[in-house]
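**Student:** Would you mind keeping the following structure in view while I ask a few things?
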Amino acid sequence: MNRYKYPRTPHLPWSPGSTSDDIHFGTAKQFEGKLVVVTEKMDGENTTLYRDHIHARSTDSRHHPSRDWVKGLHGRIAHHIPEHWRICGENLFAQHAISYNALPSYFLAFSIWTEDNTCLPWSKTIEWLKLLELTPPTVIYQGLWDENTVKSITVDTGTSEGYVVRCADSFHYSAFTENIAKWVRVNHVQTDKHWMHAEVTPNGLAINHKTSAKEQPK
């Protein structure tokens, strides 16, 4: 079965957090005339779930204690994931540069890809997430692309990395950079020590989040 690394998301022209190593758009014209969804960008680890496998951004990622919770989640829902499909999202169990104390879930799913490597439209994505009882990221704006409206979006950079814009319609993996872009805060990686080499400190879940004893952080 093919494994796919989640592509690097290009920065919007007005994103202040890009570095020389990042992909940076000089224009946002690829979104003109299209319906878009803008979601909050969280500070976690990109993670992909298949029916029979799970990995972080690297398809050969190794074991790390911060991945135990999402592996448990995968074990509970894997048989419901259609064969050759995959679900991409953010593993938020461990604190990185930002700490959270009221997450709706430790895994926020933001895209679902079919057997022909096509990203489901947002409406179908939400339908599937409801069926699988998975949580999407917070939607900040949804509607026809308007550059001034998106530019005016403000996020609390103390609790959020920024936001992600995606086309609401479906698109193929090969057209990823034409359909997704991000705005990231300045100096969004602020930790002196990489989180993978530090002791794992769990983020906090919202009090009203229904979670079993097996899901609670150890």
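**Student:** Restricting attention to region 35-60, and to residues there that are surrounded by 15 or more Cβ atoms within 10 Å (Cβ to Cβ) and among the polar types (S, T, N, Q), which single residue is nearest to ILE112 (Cα to Cα)?
**Tutor:** Among them, the one singled out is THR48.
**Student:** So, one more: Mind listing whichever residues of region 139-167 are surrounded by fewer than 18 Cβ atoms within 10 Å (Cβ to Cβ), of a type in the set (A, V, I, L, M) and outside any loop (DSSP other than H, G, I, E, B)?
**Tutor:** Across region 139-167, the qualifying residues are VAL139, LEU144.
**Student:** For region 48-64, indicate whether the set of residues that are over 17 Å from the mean Cα position of the chain (by Cα), closer than 16 Å to GLU161 by Cα and either modelled with pLDDT under 95 or not aliphatic (A, V, I, L, M) (or both) is non-empty.
**Tutor:** No.
**Student:** Okay, next question. I'd like the residue in region 7-47 that is in a strand (DSSP E or B) and of a type in the set (Asp, Glu) and, out of all such residues, is modelled with the lowest pLDDT.
**Tutor:** Residue satisfying both the conditions and the ranking: GLU45.
**Student:** Ok, one more. Report yes if GLU90 is exposed (fewer than 14 other Cβ atoms within 10 Å of the Cβ), modelled with pLDDT of 95 or more and not hydroxyl-bearing (Ser, Thr, Tyr), otherwise no.
**Tutor:** No; evaluated as a whole, the condition is false for this residue.
**Student:** Another question, if that's okay. Go through (1) touching a residue at least 60 places away in the same chain (Cβ under 8 Å); (2) surrounded by 13 or more Cβ atoms within 10 Å (Cβ to Cβ) and name the single condition GLU32 misses.
**Tutor:** Here GLU32 clears every test but (2).
**Student:** For the condition among the hydroxyl-bearing types (Ser, Thr, Tyr) and assigned to a helix (DSSP H, G or I), what is the one hit in SER66, SER61? It would help to see each step written out before you state the result.
**Tutor:** On the way: SER61 fails: assigned to a helix (DSSP H, G or I).
Checking each option against the conditions leaves just SER66.
**Student:** Checking LEU120 against (1) out of contact with any Lys or Arg (no Cβ under 9 Å at 6 or more places or on another chain); (2) crowded, with 18+ Cβ neighbours inside 10 Å; (3) closer than 25 Å to ALA206 by Cβ, which single condition isn't satisfied?
**Tutor:** (3)
**Student:** I'd like the full set of residues that are polar (S, T, N, Q) and either under 20 Å from ARG3 (Cα atoms) or out of contact with any strand residue (DSSP E or B) (no Cβ under 9 Å at 6 or more places or on another chain) (or both), limited to region 41-100.
**Tutor:** Hits for region 41-100 are ASN46, THR47, THR48, SER58, THR59, SER61, ASN91, SER99.
**Student:** Considering only region 168-182, how many residues are of a type in the set (Val, Ile, Thr), under 15 Å from TRP122 (Cβ atoms) and outside any strand (DSSP E or B)?
**Tutor:** Of the residues in that region, 0 qualify.
The values are calculated or read from the model by the stated rules, or taken from the named source; none is laboratory data. The model shown is predicted, which means the values in this text are computed figures rather than measured ones. Don't worry about glycine lacking a Cβ; one is built from the backbone with ideal geometry, like all the others, and counts go over all protein chains shown.
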